[in-house]
Amino acid sequence: MFETDLPEHLDRLGTTHLVIAGMTANLCCESTGRHALELGYHVTYLRDAIGADNLTAYETAIRVNFPLVANAVVDVEDFFDALDQPSELPRKRDTVRSSDGLKIGSVQKVVPSTDGSQGHLRVRKGRLLRRTFHVPLDALTIVGPGQVRINLPKLVIDKMRWDRPPTNTRAATAAPAASETDRLYPSTGPTGHSRT
């Protein structure tokens with residue numbers, strides 16, 4: 001995709017979503033998805049249709065890099081199951097998963113959009129320490145039989161401000177303030193001290 005005329009052809013065809021499979025997970029597949037996302041495409045990686053030259057490269061790509069780059073990282077079977085389903089809202093008790101495939105919780109209620117608020121899912125997380133999330137409908141990437149995918153990895157979902165129902169589109173999807181990004185992506189310097 002990089003420095004080719006593929007984006008022109010995709011735009012001409014009205015393409016908005018790209019599904020990526022192939023070789024090499026940590027090079028070709030990752031850079032193609034990253035560039036496509038930068039161009040505004042919805043990107044899905046098919047985790048079991050992608051290869052790498054070693055297990056470490058593969059696992060790092062599908063478990064760390066792809067969830068940060070893509071809207072969804074799914075198995076081929078889950079992808080085709082979602083295609084076979086008519087586009088509809090999730091249902092109560094559907095399993096909610098992050099873009100890296102980790103379970104977040106289950107749908108308690110689907111709240112439709114109104115003039116004063118954005119549509120969202122009320123999601124119950126945890127068995128012992130129960131917590132409720134209010135996930136905006138525009139954060140959903142795949143609604144398949146019995147499951148829903150969110151366009152963020154679990155690490156980031158836990159830091160989103162989804163503890164209350166959204167009152168408008170901007171409030172529901174707004175990224176955290178710059179002063180809060182250390183909580184999302186903390187880093188450590190070579191001496192082991194936290195960087196700020």
Restricting to lysines and to Cα separations under 19 Å from Lys109, and discarding same-chain partners fewer than 8 apart, the set is Lys92, Lys125
Partner aspartates and glutamates whose C-alpha sits under 13 Å from that of Lys154, ignoring same-chain residues fewer than 8 away, are Asp100
Region 70-113: relative contact order from alpha carbon pairs under 8 Å, six or more residues apart, as a whole percent, is 38
The summed charge of the Val43 Cβ neighbourhood (under 15 Å; Lys/Arg +1, Asp/Glu -1) stands at 0
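Just the number, please: carbon plus sulfur as a percent of the accessible area of region 1-137, 1.4 Å probe, no ligands or DNA/RNA counted.
Heavy-atom surface of region 1-137 belonging to carbon and sulfur, 1.4 Å probe: 52 percent.
What percent does the relative contact order of region 36-171 come to when contacts are Cα pairs within less than 8 Å and at least six residues apart?
22
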Cβ-Cβ cut-off under 15 Å around Ala52, Lys and Arg +1, Asp and Glu -1: the net charge is -2
With all protein chains present and a 1.4 Å probe, the order of Val76, Val148 from largest accessible area down is Val76, Val148
With Val69 itself left out, Lys, Arg at +1 and Asp, Glu at -1 over residues whose Cβ is under 10 Å from its Cβ give -1
Once both label points are put 7 Å beyond Cα along the C-beta direction, the Phe80-Asp53 separation in nm becomes 3.1
Per-residue accessible area, 1.4 Å probe, largest first, puts Ser117, Ser99 in the order Ser117, Ser99
Any residue on another chain or 5+ positions along whose placed amide H is under 5 Å from the amide H of Val96 is listed here as Ile104, Gly105, Ser106, Val107, Val148
With the charge dipole of region 1-130 built from beta-carbon charges (+1 for Lys and Arg, -1 for Asp and Glu) about the Cα centre, the Cα from Ser113, Val73, Ile50 projecting farthest to the positive end belongs to Ser113
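The values are calculated or read from the model by the stated rules, or taken from the named source; none is laboratory data. Computed from a prediction, not measured in an experiment: that's the story for all the values here. All Cβ positions, even for glycine, are placed from backbone atoms using ideal geometry, and neighbour counts span all protein chains on display. In case anyone asks, the SASA skips ligands and DNA or RNA and just uses the protein heavy atoms, side chains included. Shrake-Rupley method; radii C 1.70, N 1.55, O 1.52, S 1.80 Å.
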